[in-house]
1. Regarding segment 23-35, can at least one residue be identified that is more than 21 Å from residue 145 (Cβ to Cβ) and open to solvent by 30 Å² or more (accessible area, probe 1.4 Å)?
2. Is it true that residue 88 is more than 20 Å from residue 2 (Cα to Cα), in contact (Cβ under 8 Å) with a residue 40 or more places away in the chain and out of contact with any Asp or Glu (no Cβ under 6 Å at 6 or more places or on another chain)?
3. Only one of (1) closer than 17 Å to residue 8 by Cβ; (2) in a helix (DSSP H, G or I) fails for residue 47. Which number is that?
4. State all residues of segment 119-145 that are part of a loop (DSSP other than H, G, I, E, B) and at positive phi; if no residue qualifies, say none.
5. I'm trying to understand the selection: among the residues of segment 102-145, which are without any contact (Cβ under 8 Å) to a residue 40 or more places away in the chain and over 19 Å from residue 26 (Cα atoms)?
6. Output the number of the condition that residue 4 fails; it satisfies all remaining conditions of (1) over 11 Å from the mean Cα position of the chain (by Cα); (2) open to solvent by 10 Å² or more (accessible area, probe 1.4 Å).
7. Only residues that are within 18 Å of the chain's Cα centre (by Cα) and not basic (Lys, Arg): list them for segment 91-105, please.
8. Any residue in segment 33-62 that's within 26 Å of residue 96 (Cα to Cα): show its pairings with residues that are open to solvent by 80 Å² or more (accessible area, probe 1.4 Å) at Cβ separation under 6 Å, as long as the two are six or more apart or on different chains.
Amino acid sequence: MIALVQRVSYANLLIDDLLFSQIDRGILVLLGVEKKDCESSAEKLLQKILNYRIFNDQDDKMNLSVKDIDGGLMLVSQFTLAAETGKGLRPSFSSAMAPSEAERIYDFMVSKAIQSYKKIAFGKFGSNMRIVLENNGPVTFYLSA
């Protein structure tokens, strides 16, 4: 499972030009589900995301997690993160999990996030979404489980 984690000042997710979800200061996480992924890898990655220290403390050092700052967490499925891009000029998605199974893993991760943390927002699997955000830093990390 792949997570592209962005520290944001805010993020708004729109579907059909209507606001679907939003967060203020926190992290936007784009999730790619690969064939090898399962519920345990989703849980492991979620805990890493919630505890990853990417916010500055009083000494201006990255020592605080999204939980420490009581920030928002937005989870958005993005199958293109599972693309194989090493050959040619067109991405291959052969390592991406089939949509029905990937949706099950994504929904599992969202439900675990809701159980574990209070400030959760999310996208709608398989939808054409637009995300308007302000990347703070910019700070972006690639995490995997």
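The values are calculated or read from the model by the stated rules, or taken from the named source; none is laboratory data. Nothing here was measured: the structure is a model prediction, and the numbers come from that model. Note that we place each Cβ from the backbone using ideal geometry, even for glycine, and neighbour counts take in every protein chain shown. Ligands, DNA and RNA are stripped out before the accessible areas are found, and what is left, the full protein with its side chains, is counted by its heavy atoms. Shrake-Rupley method; radii C 1.70, N 1.55, O 1.52, S 1.80 Å.
1. yes
2. Judged against the criteria, residue 88 is not a match.
3. Result: residue 47 fails condition (1) only.
4. 126
5. 103, 104, 107
6. The failed condition is (1).
7. Listed by number, the residues that qualify are 96, 97, 99, 101, 102, 103, 105.
8. 50/67
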